[in-house]
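Participant: Next up is a structure, given as structure tokens.
The values are calculated or read from the model by the stated rules, or taken from the named source; none is laboratory data. Treat the numbers as computed from the prediction; the structure is a model and nothing was measured. Methodologically, a virtual Cβ is constructed for each residue, glycine included, from the backbone with ideal geometry; neighbour enumeration extends over all protein chains shown. Heads up: the accessible areas ignore ligands, DNA and RNA and are worked out on the full protein's heavy atoms, side chains in. Shrake-Rupley method; radii C 1.70, N 1.55, O 1.52, S 1.80 Å.
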Amino acid sequence: MRPAGRGEYDSLYFDYPYYAFERPPELDGTHRRHTVAIVGAGPVGVTAALELARHGVASVVLDDKDTVNDGSRAICISRHSLEILQQLGVAGRFTDKALGWRYGRTYFGEREVFRLEMAHSEQERFMPMYNIQQQYIERFLIERAQETGLVALRWRSRVRDVDAGDDGVSLSVDTPEGWYRLDADYVLAADGARSGVRRALGLGLQGEAYEGRYVIADIRMRSDFPTERRAFFNPPALPDSTLLVHRQPDDIWRIDYQLGPDDDPDEALKEASIRRNVGAVVEMLGEADDWELEWWSLYKAYTLALDDYRHGRVMFIGDAAHLVPIFGVRGLNNGFADAMDAGWKLAWRIRGWGGDGLLASYTPERRGATLDVFANAGRSTRFMTPPTRGYRLMRDAALSLSLSCDYAGGFANPRQVTPYTYADSPLTTPDTVPGFAAGPAPGAPLVNRRLGEDDYLLDHLGPGFNLLYFSDAGDVEPAHRESLEALAGGAMPLHCLVVGARVDEHAPWTPVPDPDRGIAAAYGARAGSCYLVRPDRHVAARWRDLDTAALYRALATATGGMS
Ligand SMILES: Cc1cc2nc3c(=O)[nH]c(=O)nc-3n(C[C@H](O)[C@H](O)[C@H](O)COP(=O)(O)OP(=O)(O)OC[C@H]3O[C@@H](n4cnc5c(N)ncnc54)[C@H](O)[C@@H]3O)c2cc1C
């Protein structure tokens with residue numbers, strides 16, 4: 001909602017782009033079968049299109065709107081998501097605009113009870129978290145998609161019905177100039193929380209709804225307070241409530257406050273109520289400048305998911321597959337990971353580089369990630385909005401205790417999103433011999449290392465599988481050389497990075513300098529150690545001493561039965 005007198009897209013800081021409807025050939029009787037159709041040009045659908053394009057697969061993306069989302073939704077984007085966006089060639093646009101941060105404060109009443117500090121070091125290219133409005137996120141992704149030449153965006157195109165068969169999927173699409181049928185080999189359903197694709201296939205989300213409703217309000221206010229997450233329990237401005245405050249670019253501040261069980265949501269959403277409550281919060285924050293109201297809405301937390309994220313040739317990604325509470329900022333961050341997972345697997349299946357097992361691994365991996373989110377986000381949500389009086393008493397007792405006991409401060413830790421480890425995935429080969437004292441375990445994402453000025457390990461990954469091989473005196477061991485050369489020159493995209501290698505113009509791999517052996521130490525590696533890495537940066541397998549037969553077996557497993 002916007003203040004009286006302002007239109008839906010009448011923002012104080014953001015110029016909404018307009019994406020025109022273009023008459024598709026199907027409306028004039030030209031039918032062609034598309035390889036992949038994506039329903040929904042929200043952030044998750046467009047990310048999936050970019051991942052498909054990265055592997056050379058074209059897609060058509062259908063959206064019923066002609067601009068980006070009208071309110072303000074996701075604002076906190078994690079480092080892992082920035083690393084995904086880097087792979088898609090769009091991270092620079094985000095870091096130019098977004099506000100990076102790593103600290104937070106939790107208050108109980110008027111006292112600060114916990115100082116959040118997210119892990120960070122000079123080895124990282126990106127900060128642990130960035131604040132940026134979802135409008136910018138969507139616009140940057142769409143701009144990148146338009147550059148690829150492999151993503152056809154069709155606006156004002158509403159998918160009304162879905163006919164999913166064994167050989168392909170047929171979509172009925174409504175447009176301002178009539179409806180048409182669009183045929184595709186595969187469909188990615190990225191049409192959000194109220195997914196029409198889900199409904200058309202007769203599928204429903206399962207899970208629970210949480211107590212408590214939140215008002216989400218954005219205001220414009222000039223303030224010198226740094227970019228940190230501030231959480232207030234029982235704040236003086238709104239007693240008995242919970243309040244979150246976040247800074248966003250363009251002097252926009254997000255203020256989320258909880259409604260009491262007896263508050264009437266219609267009354268609470270009236271502009272006068274919003275101005276009264278936000279005004280009290282601004283005063284409590286000690287801000288002297290005037291502020292302007294940008295937008296507000298009501299939010300309620302759910303943990304809901306489909307039982308299966310894949311139905312034949314239709315795969316569900318993002319909010320169409322699951323709804324998670326906003327506390328801990330997991331919705332879009334998980335959606336990005338869904339899009340990468342579904343995107344590379346579908347691309348590899350289509351390109352003939354992967355077997356059937358690839359698509360079958362999508363649900364276990366990504367639903368596994370959702371269930372993990374439910375466990376963490378459920379705890380955060382109950383802490384933010386206690387479901388019962390007893391729970392609230394316990395929570396307040398923990399917060400009171402943290403005034404005097406450091407260890408109790410941990411209860412107030414918001415446990416922000418962390419990337420999921422695909423340890424139990426059918427694509428992952430577990431360690432057979434223990435021996436790695438450090439480094440990402442099979443299923444976990446790679447860790448970054450700084451190589452020099454504006455130069456990091458992850459910058460050097462190729463778009464397909466990667467092999468991180470550790471050398472000692474600068475050479476690949478003779479016993480491994482032939483296999484590495486064969487893999488690097490094979491039909492399937494596989495990029496070899498040899499850590500500690502001498503520069504050799506004739507070698508089919510990228511040398512990565514490691515003069516102080518810092519990368520080897522971070523990966524628990526010695527000469528001949530090796531990590532096999534999937535296109536989404538997750539480790540498929542690793543060996544302290546490379547066994548080339550085992551490497552080929554692991555590659556076959558990681559590509560769902562092909563290599
Ligand atoms: C208040 C709030 C705060 C949030 N904060 C965070 C945060 O800080 N961090 C975070 O990670 N997440 C956050 N989230 C969650 C995040 O906004 C969502 O997870 C994210 O928008 C999901 O993206 P999506 O692309 O899956 O779906 P959507 O963004 O909903 O996009 C779906 C798209 O599909 C289109 N569509 C729908 N139906 C059809 C149809 N039939 N035909 C064609 N097109 C269709 C829609 O127009 C839309 O463009 C927040 C959410 C809310 C509500």
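Participant: So if I place +1 on the C-beta of Lys and Arg and -1 on the C-beta of Asp and Glu, and nothing else carries charge, what would the dipole magnitude of the chain be about its Cα centre? I want it in debye, nearest 20.
Facilitator: Values: 62 positive and 79 negative charges, 173 e Å.
Value, rounded to 20: 820 debye.
Participant: Would you please calculate the Kirkwood hydrodynamic radius of the range 55-95 over all C-alpha pairs and express it in Å, rounded to one decimal?
Facilitator: On the way: mean 1/r = 0.0775 Å⁻¹.
Across the range 55-95, the inverse of the average 1/r is 12.9 Å.
Participant: Could you tell me what % of all Cα pairs in the chain have separations over 45 Å?
Facilitator: On the way: 30003 of 158203 pairs.
More than 45 Å apart: 19 percent of the Cα pairs in the chain.
Participant: Can you give me the long-range amide H partners of residue 451? Hydrogens built in the peptide plane at 1.01 Å from N, cutoff under 5 Å, separation of 5 or more residues or another chain.
Facilitator: 456, 457
Participant: Same structure again: Under 19 Å between alpha carbons, and skipping anything fewer than 8 positions from residue 65 in its own chain: which aspartates and glutamates qualify?
Facilitator: 8, 10, 15, 22, 138, 143, 161, 174, 177, 191, 319
Participant: Also, quick follow-up: State the Cα centre-to-centre distance between the range 534-556 and the range 66-111 in whole Å.
Facilitator: A separation of 33 Å, based on Cα centres.
Participant: About the Cα centre of the range 1-100, what is the dipole size in debye to 20, counting +1 per Lys and Arg Cβ and -1 per Asp and Glu Cβ, all else neutral?
Facilitator: Working: 11 positive and 13 negative charges, 60 e Å.
Once rounded to the nearest 20, the dipole reads 280 debye.
Participant: May I ask you to compute the full-extension gain from residue 150 to residue 22, defined as 0.36 nm times their residue separation minus their alpha-carbon distance, rounded to one decimal in nm? Let's see the in-between values first.
Facilitator: Details: separation 128, 0.36 × 128 = 46.08 nm, distance 1.66 nm.
Net length gain for the segment: 44.4 nm.
Participant: Only residues of the range 330-372 count here: report those whose backbone N is under 12 Å from the spot 7 Å along Cα→Cβ of residue 308, or say none.
Facilitator: 360, 363-364
Participant: Percent of alpha carbon pairs in the range 316-359 separated by more than 15 Å?
Facilitator: Of all Cα-Cα pairs in the range 316-359, 48 percent lie more than 15 Å apart.
Participant: Projected area of the range 413-531, taken from the Cα convex hull and averaged over every viewing direction, in nm²? Walk me through the intermediate numbers first.
Facilitator: Details: hull surface 38.6 nm².
In nm², the orientation-averaged hull projection of the range 413-531 is 9.7.
Participant: Moving on. Working out 0.36 nm times the residue gap between residue 269 and residue 8, then minus their Cα-Cα distance, what length gain in nm do you get to one decimal?
Facilitator: In short, 92.4 nm is gained.
Participant: Sticking with this one: Where in the chain are the DSSP H helices whose C-alpha atoms run 24 Å or more along the long axis and whose mean Kyte hydropathy is at least 0.0? Intermediate values should be presented prior to the final figure.
Facilitator: Working: long enough: 331-350 (28 Å, -0.07); 362-384 (32 Å, -0.62).
Span-like helices in the chain: none at all.
Participant: Here's something else I'd like to know. May I ask for the distance between the Cα centers of the range 440-519 and the range 133-191, given as a whole number of Å?
Facilitator: After rounding, the separation between the Cα centres reads 37 Å.
Participant: In addition: Given only helices, namely DSSP H runs of n ≥ 4 each adding -39500 (n - 2.57), what is the per-residue ellipticity at 222 nm of the chain, to the nearest 500 deg cm²/dmol? Write down the numbers at each step before the final one.
Facilitator: Values: 14 runs with 154 residues, N = 563.
One gets -8500 deg cm²/dmol as the mean residue ellipticity at 222 nm.
Participant: Continuing with this model, one more query. Each label point is 7 Å from the Cα along the Cα-to-Cβ direction; what then is the distance between the points at residue 454 and residue 225, in nm?
Facilitator: Placing both labels 7 Å along Cα→Cβ, they lie 3.4 nm apart.
Participant: Sort the following peptides by mean Cβ neighbour count (other Cβ atoms within 10 Å, averaged over residues), highest first: 366-374, 37-45. Walk me through the numbers before you get to the answer.
Facilitator: Details: 366-374: 20.2, 37-45: 29.2.
Highest-to-lowest ranking by the protection proxy: 37-45, 366-374.
Participant: Right, another one. Using protein chains only and a probe of 1.4 angstrom, how many square angstrom of residue 388 are accessible, to the nearest 10?
Facilitator: Looks like 80 Å² after rounding.
Participant: Rounded to the nearest 0.05, what FRET efficiency is calculated for residue 472 and residue 96 with R0 set to 51 Å and r the Cβ-Cβ distance? Working shown, then result.
Facilitator: Numbers: r = 40 Å, r/R0 = 0.78.
Taking R0 as 51 Å, the efficiency between residue 472 and residue 96 is 0.80.
Participant: How would the range 451-517 be classified by its alpha-carbon gyration tensor: rounded, prolate or oblate, with rounded meaning a/c under 1.5 and the a/b versus b/c comparison settling the rest? Present the calculation step by step, with values, prior to reporting the outcome.
Facilitator: On the way: a/c = 2.20, a/b = 1.21, b/c = 1.82.
Here the range 451-517 falls in the oblate category.
Participant: Counting only residues 5 or more places away or on other chains, whose amide H sits under 5 Å from the amide H of residue 311 once H atoms are built in the peptide plane?
Facilitator: Result for residue 311 returns 316.
Participant: Could you rank the peptides 165-176, 252-263, 439-450, 25-36 by their average count of other C-beta atoms within 10 Å per residue, with the highest value first? Intermediate results must be reported in sequence, preceding the final value.
Facilitator: Working: 165-176: 15.9, 252-263: 17.9, 439-450: 19.6, 25-36: 12.9.
Per-residue Cβ counts within 10 Å, averaged per peptide and sorted highest first, yield 439-450, 252-263, 165-176, 25-36.
Participant: In the chain, with Lys and Arg counted as +1 and Asp and Glu as -1 at Cβ, which of these residues, 114, 336, 535, has the Cα nearest the positive end of the dipole, that is, farthest along it?
Facilitator: The Cα lying farthest towards the positive end belongs to 114.
Participant: Using the Karplus curve 6.51 cos²θ - 1.76 cosθ + 1.60 with θ = phi - 60°, work out ³J(HN,Hα) for each residue of the range 108-120 in order, rounded to whole Hz, and write x for Gly and Pro.
Facilitator: Those phi angles translate into 10, x, 9, 9, 7, 10, 8, 10, 7, 9, 7, 4, 7 Hz.
Participant: Moving to a separate point now. Can you find, among 401, 299, 180, the residue sitting farthest towards the positive end of the charge dipole of the chain, where Lys and Arg contribute +1 and Asp and Glu -1 at Cβ?
Facilitator: Ranked along the dipole, the leading option is 401.
Participant: Is the C-alpha gyration tensor of the range 69-173 telling us rounded, prolate or oblate? Criteria: a/c under 1.5 is rounded; beyond that, a/b larger than b/c is prolate, otherwise oblate.
Facilitator: Working: a/c = 2.62, a/b = 1.93, b/c = 1.36.
Prolate shape, in that a/c is at least 1.5 and a/b is the bigger ratio.
Participant: Moving on to the next point. Once you have the Cα-Cα distance between residue 115 and residue 394, take 0.36 nm times their residue separation minus that, and quote the gain in nm to one decimal.
Facilitator: Working: separation 279, 0.36 × 279 = 100.44 nm, distance 2.05 nm.
Fully extending the segment from residue 115 to residue 394 adds 98.4 nm.
Participant: Provide the FRET efficiency to the nearest 0.05 for the residue 250-residue 351 pair, computing r from the beta carbons and using R0 = 45 Å.
Facilitator: Values: r = 41 Å, r/R0 = 0.91.
Plugging the Cβ-Cβ distance into 1/(1 + (r/R0)^6) gives 0.65.
Participant: Right, here's the next one. With +1 assigned to the C-beta of every Lys and Arg and -1 to the C-beta of every Asp and Glu, and no other charges, what is the dipole magnitude of the range 203-299 about the Cα centre in debye, to the nearest 20? All intermediate terms of the calculation are to be shown ahead of the outcome.
Facilitator: Working: 10 positive and 21 negative charges, 46 e Å.
The calculation lands at about 220 debye.
Participant: Ratio of Rg to Rh for the range 421-482, alpha carbon only, Kirkwood?
Facilitator: Working: Rg = 14.2 Å, Rh = 14.3 Å.
Here the Rg-to-Rh quotient is 0.99.
Participant: Under 23 Å between alpha carbons, and skipping anything fewer than 8 positions from residue 300 in its own chain: which lysines qualify?
Facilitator: Those lysines meeting the cut-off are 270.
Participant: Can you run phi through the Karplus equation (6.51, -1.76, 1.60; θ = phi - 60°) for the range 189-202 and list ³J(HN,Hα) in whole Hz, with x for Gly and Pro?
Facilitator: Ordered by residue, 3J(HN,Hα) equals 8, 10, 9, x, 4, 9, 2, x, 5, 4, 5, 4, 8, x Hz.
Participant: Which order do peptides 274-287, 58-71 fall in by mean Cβ count within 10 Å, highest first? Before the final figure, lay out each step's value.
Facilitator: Numbers: 274-287: 16.8, 58-71: 20.2.
Packing proxy ranking, top to bottom: 58-71, 274-287.
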